[in-house]
Amino acid sequence: MRRKFISHAISAVALLTPGALPVGAADNSAIKEKAAACAGCHGENGISQTENIPSLAGQPDQFLQWQLVFFRAGSRKNEQMQPIVEEINNEDIRNFGAYFSQLMPPKGPEDGNPDLSKKGAQVAAGRRCASCHTDSYAGTKAVARLAGQREEYLVKALHDYKAGQRVGGGVAAMADVAYHMSDEEITAVSHYLAHLK
């Protein structure tokens, strides 16, 4: 299994090398047609309307590509994603990354609990979330966009990292951060990030 993951990781390095992305990939009608199949779970234009399913719109290109590589290699597991990633090739992965990264990201809903958001902002500052996810929490390169993501999905993702059920990539930064967070901190920071405009 480890050998298979390393093999996928090596091919992913070539896959994610700057310049490997086809110019105009997101304008290609074929990729739009393939991406339409993702709408059943991830929503029209990559904005999820389904509980515990993340929005893909506006996520950084490399982040999206790496997640697909992790799913395909089996280091990230999801029953719905496994059969899908078995059918996609490296070109599809590059094209999906380009396509969804160029879509307008979701806007955070109106905040019905600003006190919880204030606590969440304090948690985010204390855990130095912006040092990887950027000051606007829009993500960059292989680091996820958090601003406007579904709140319950953020809660789930942090609990998965905390429990060691999800890997983040080459380093264990997310697992290390989440491991030390209380349930209250996870709830607060997720609320704060989900409601960012």
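The values are calculated or read from the model by the stated rules, or taken from the named source; none is laboratory data. For clarity, every value in this text was computed on a predicted model and none was experimentally measured. In this analysis, Cβ positions are derived from the backbone assuming ideal geometry, glycine residues included, and neighbour counts consider all displayed protein chains. Keep in mind that these areas ignore ligands, DNA and RNA; they rest on the heavy atoms of the full protein, side chains included. Shrake-Rupley method; radii C 1.70, N 1.55, O 1.52, S 1.80 Å.
Only one residue in 112, 108 is closer than 30 Å to residue 34 by Cβ and over 15 Å from the mean Cα position of the chain (by Cα). Which one?
Exactly one of 112, 108 is closer than 30 Å to residue 34 by Cβ and over 15 Å from the mean Cα position of the chain (by Cα), namely 108.
Only one residue in 48, 75, 55 is in a loop (DSSP other than H, G, I, E, B) and in contact with a Phe, Trp or Tyr (Cβ under 6 Å, 6 or more places away or on another chain). Which one? Before the answer, list the steps.
Values: 48 fails: in contact with a Phe, Trp or Tyr (Cβ under 6 Å, 6 or more places away or on another chain); 55 fails: in contact with a Phe, Trp or Tyr (Cβ under 6 Å, 6 or more places away or on another chain).
Result: 75 is the single residue among 48, 75, 55 that is in a loop (DSSP other than H, G, I, E, B) and in contact with a Phe, Trp or Tyr (Cβ under 6 Å, 6 or more places away or on another chain).
When only residues in the range 117-133 that are over 13 Å from the mean Cα position of the chain (by Cα) and open to solvent by less than 40 Å² (accessible area, probe 1.4 Å) count, which is farthest from residue 67 (Cα to Cα)?
117
For the range 152-197, what are the residues that are within 19 Å of residue 51 (Cα to Cα) and small (Gly, Ala, Ser)?
157, 188, 190, 194 - these are the residues of the range 152-197 that are within 19 Å of residue 51 (Cα to Cα) and small (Gly, Ala, Ser).
In the range 106-127, how many residues are in contact (Cβ under 8 Å) with a residue 40 or more places away in the chain, over 15 Å from residue 48 (Cα atoms) and not in a helix (DSSP H, G or I)?
4
Being farther than 20 Å from residue 105 by Cβ, of a type in the set (Phe, Trp, Tyr) and open to solvent by less than 50 Å² (accessible area, probe 1.4 Å) is the filter here, so list the residues in the range 143-193 that pass it.
Once the filter is applied, which keeps residues that are farther than 20 Å from residue 105 by Cβ, of a type in the set (Phe, Trp, Tyr) and open to solvent by less than 50 Å² (accessible area, probe 1.4 Å), the range 143-193 yields only 161.
Of the conditions (1) touching a Pro at 6+ places or on another chain (Cβ under 8 Å); (2) within 28 Å of residue 30 (Cβ to Cβ); (3) open to solvent by 40 Å² or more (accessible area, probe 1.4 Å); (4) at pLDDT 95 or above, residue 104 clears all except one; give me its number.
(1) is the only condition that residue 104 fails.
When you scan the range 69-92, how many residues do you find that are open to solvent by 60 Å² or more (accessible area, probe 1.4 Å) and among the hydrophobic types (A, V, I, L, M, F, W, C)?
Number satisfying all stated conditions: 1.
Before we move on, is residue 139 touching a Gly at 6+ places or on another chain (Cβ under 7 Å), open to solvent by less than 30 Å² (accessible area, probe 1.4 Å) and in contact (Cβ under 8 Å) with a residue 60 or more places away in the chain?
Considered against the rule, which asks whether it is touching a Gly at 6+ places or on another chain (Cβ under 7 Å), open to solvent by less than 30 Å² (accessible area, probe 1.4 Å) and in contact (Cβ under 8 Å) with a residue 60 or more places away in the chain, residue 139 comes out as no.
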